[in-house]
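Just below is one structure, and these are the notes that go with it.
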């Protein structure tokens, strides 16, 4: 239940362009009503003592699949769409201070139902794409027919876009890559004319387009067509001046998904990661067991181009640093749900890797808050300002000193409601109870 709330004495890192400052934050209902020093709590108000602590906007994950980060929620080499799993994933995100998420690719009915649920509760709020656009037989993360469109001409693309626009989805997702730099066996790629028709048609309907592409030229093709958000790093070659010019011309947001290149493509890295106490206390053992040795992770790694990706890690990092230096907008989207990218924690891991690549911590925090909110056309999110939605995180350590301090989550407030993180964790780990494990075994 919402009530008046006062966060007293914290250092505010607002998510916008203002430098950090000390102030109290008064919350009425689900909105911020005042931000200034020395506010007084009214009768019946709840007070959070944030003295010596740091208050940041709720983090926003701009690229998350609502699966576990292990193999327990993968079937037929692709994502499954299970409402109970998705709800648990959203709980894990909220536990880690991720208060909003964009999830590309899901059956439309599934996404609409879940999005409506999050609007009516204090779960992590959800933004969706509906089915992703790809070529027949192409990569789309999901092999389920209801989660993918496979238009073979502009007319078919228009029909599919009409369905999405009528449903008021948030951002369109296009797959435009044959995956030859990731998988040993390339897949079909969407034709350029059809890709162009999808981007053009999406814009005519007032919808932004996020593009899955790894290769430099595929990035450029889609930016020439007017794509808005690049969901992955350029991994095949250094970004060049033409790339920067196109990104500026079309106001492109660049997301790195550095987590998957460092972790999903390296079983050693994943197995070291799952020993982290933060992982073991917030990820069900049923998920972690699927990543242990021996197991399905080893089979997966045998199908991908690990050596190539490892060789490209310096290029990937340099590209992240270059686009930031050139003023291209960054977002934080770890490809959550992919192996080793655990819901909620993946945002913190991604921020860590962005900082390692040379992006200043303040810019990383901006990417995970205000910049993401703007891309979602939600100026009321991602900032600590009067009139904004009260999605806030209280940290015990200063993230501007060390980006790892974003993990020092003490309190999460979503829409003016203080989240009971202990209770949330119990619900998350309920997946390890025998009856839940048995249900998962039967369905997956």
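We did not get these values from a lab; they are worked out from the coordinates using the rules stated. Note that the coordinates shown come from a computational prediction; the quantities given were computed from them, not determined experimentally. Methodologically, a virtual Cβ is constructed for each residue, glycine included, from the backbone with ideal geometry; neighbour enumeration extends over all protein chains shown.
Descriptive notes on the structure:
- Each of 13, 328 has some number of other Cβ atoms within 10 Å of its Cβ, and from fewest to most they run 328, 13.
- The angle separating the long axis of helix 306-325 from the principal Cα axis of greatest extent in the chain is about 60 degrees.
- Two-decimal log10 I(q)/I(0) for segment 201-326, as the Debye equation yields it once each C-alpha is a single scatterer, q = 0.17 Å⁻¹: -0.91
- Put in line by how crowded their Cβ is, counting other Cβ atoms within 10 Å and starting with the fewest, 110, 21 read 21, 110.
- Zone of residue 51's modelled label, taken as backbone nitrogen in segment 4-32 under 12 Å from a point 7 Å along Cα→Cβ: 8-10
- For segment 278-361, the spherically averaged projection of the C-alpha convex hull amounts to 6.5 nm².
- Degrees separating the helix 108-120 axis from the principal Cα axis of the chain, which is the longest one: 10 degrees
- Our helix-only sum for the chain, with -39,500 (n - 2.57) per DSSP H run of n ≥ 4 divided by its residues, gives a mean residue ellipticity at 222 nm of -10500 deg cm²/dmol.
- Residue 272-residue 180 pseudo-label distance in nm [points 7 Å out on the Cα-to-Cβ vector]: 3.2 nm
- The chain: angle of helix 345-356 to the longest principal axis, Cα-based, in degrees nearest 10: 80 degrees
- Counting other Cβ atoms within 10 Å as a rough exposure proxy, the listed residues 191, 233 run 191, 233 from fewest neighbours to most.
- Here each label is just a point 7 Å from Cα along the line to Cβ, and for residue 146 and residue 306 those points are 3.6 nm apart.
- Along its principal axes, segment 147-252 has C-alpha extents of 39, 34, 21 angstrom, given from the largest down.
- D_trans [Stokes-Einstein, Kirkwood Rh over alpha-carbon pairs] for segment 59-375, 25 °C, 0.890 mPa s, µm² s⁻¹: 128 µm²/s
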